[in-house]
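The values are calculated or read from the model by the stated rules, or taken from the named source; none is laboratory data. The model shown is predicted, which means the values in this text are computed figures rather than measured ones. Every residue, glycine as well, gets a Cβ built from its backbone with ideal geometry; the counts of neighbours run over all protein chains shown.
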Amino acid sequence: MKKNVLKMLGMAIAIILLLGSLTDNTQAQSPSIDIKKYTNGLNANTAPGPEIPVGQDVRWDYVVTNNGDTSLINIIVSDDKGILVTCPSQELIAGDSMICFGTGSATEGPYENTGTVSADFDGNPFTGTYTNYYTGVAPEDSDGDGITDDVDQCQDSDSDTTIIIDGCDTGVGNQFFDTGCKMSDLIFQCATNATNHGKFVSCVAGLTNAWKKARLISGKEKGKIQSCAAKADIP
């Protein structure tokens, strides 16, 4: 009888210890996932965020961390603005991190987007979100010629409709190039760089020869420009 009681008591203790172990293991499993987002390398989680020129490339990095104590699977990162986010893996063991990324082009005005991470543990979903901001700014056009300063090679273009050299009006139309420069701007550059009058005249001759060859000006117009250049008190 005594042996049976002791045997039953031992079995009871073993069951209690086993249940306690299972309970402890269940309590120790605290799945959790965290996400932080960066815009062009900046933790821009406060509006208005950094200024980015309109049209410039934008890169978003999404740092995903398994800050729980168990592995997570089926990890997916998405963005509420429809940005395609690429991640190196869909699984993370406890304590590990990975960097996902997405790209786009800056649009004008205030912009915000939220990255969301979702993961699975034992059939239960876990999520996290993080929002970033930026302000898209249009490039300036100082001289109002339609070419923005970031690509305009002559940001203070001559507004004259004809080419005028040191007060001598050639009567030749002051044509505009897609570089943001007008013909007179290029002649002014000759004047700026020339160390003597002969070099200035030679520089202008080089321009007019190229323009005539490109059929931008006639032979007569070339002569008018070179005549004014020769008479100019430059430099």
Note to self: It is to be established whether one or more residues within region 87-102 are in a loop (DSSP other than H, G, I, E, B), surrounded by 14 or more Cβ atoms within 10 Å (Cβ to Cβ) and of a type in the set (S, T, N, Q).
What the structure shows: yes
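Here is a check on your reading of the model: is residue 151 of a type in the set (Val, Ile, Thr) and modelled with pLDDT under 95? Give the derivation first.
Working: of a type in the set (Val, Ile, Thr): yes; modelled with pLDDT under 95: yes.
Yes.
Specify which of the listed residues (122, 145, 160, 169) is surrounded by fewer than 17 Cβ atoms within 10 Å (Cβ to Cβ), modelled with pLDDT under 95 and closer than 30 Å to residue 208 by Cα. Can you show your working first?
Values: 122 fails: closer than 30 Å to residue 208 by Cα; 145 fails: surrounded by fewer than 17 Cβ atoms within 10 Å (Cβ to Cβ); 169 fails: modelled with pLDDT under 95.
Criteria check complete, one pass: 160.
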Check: Does any residue of region 1-15 turn out to be in a loop (DSSP other than H, G, I, E, B) and modelled with pLDDT of 90 or more?
Finding: no
Notebook entry, point to check: Among the residues of region 226-234, is there at least one that is closer than 30 Å to residue 53 by Cβ, modelled with pLDDT under 95 and among the hydrophobic types (A, V, I, L, M, F, W, C)?
Noted result: no
Checklist line | Enumerated helices (runs of 4 or more DSSP H) restricted to region 179-235, each holding at least 1 residues that are buried (at least 19 other Cβ atoms within 10 Å of the Cβ) and among the hydroxyl-bearing types (Ser, Thr, Tyr) | finding: 183-193, 197-213
Check: In region 123-141, what residues are outside any strand (DSSP E or B) and either touching a residue at least 24 places away in the same chain (Cβ under 8 Å) or touching a Ser or Thr at 6+ places or on another chain (Cβ under 6 Å) (or both)?
Finding: 138, 139, 141
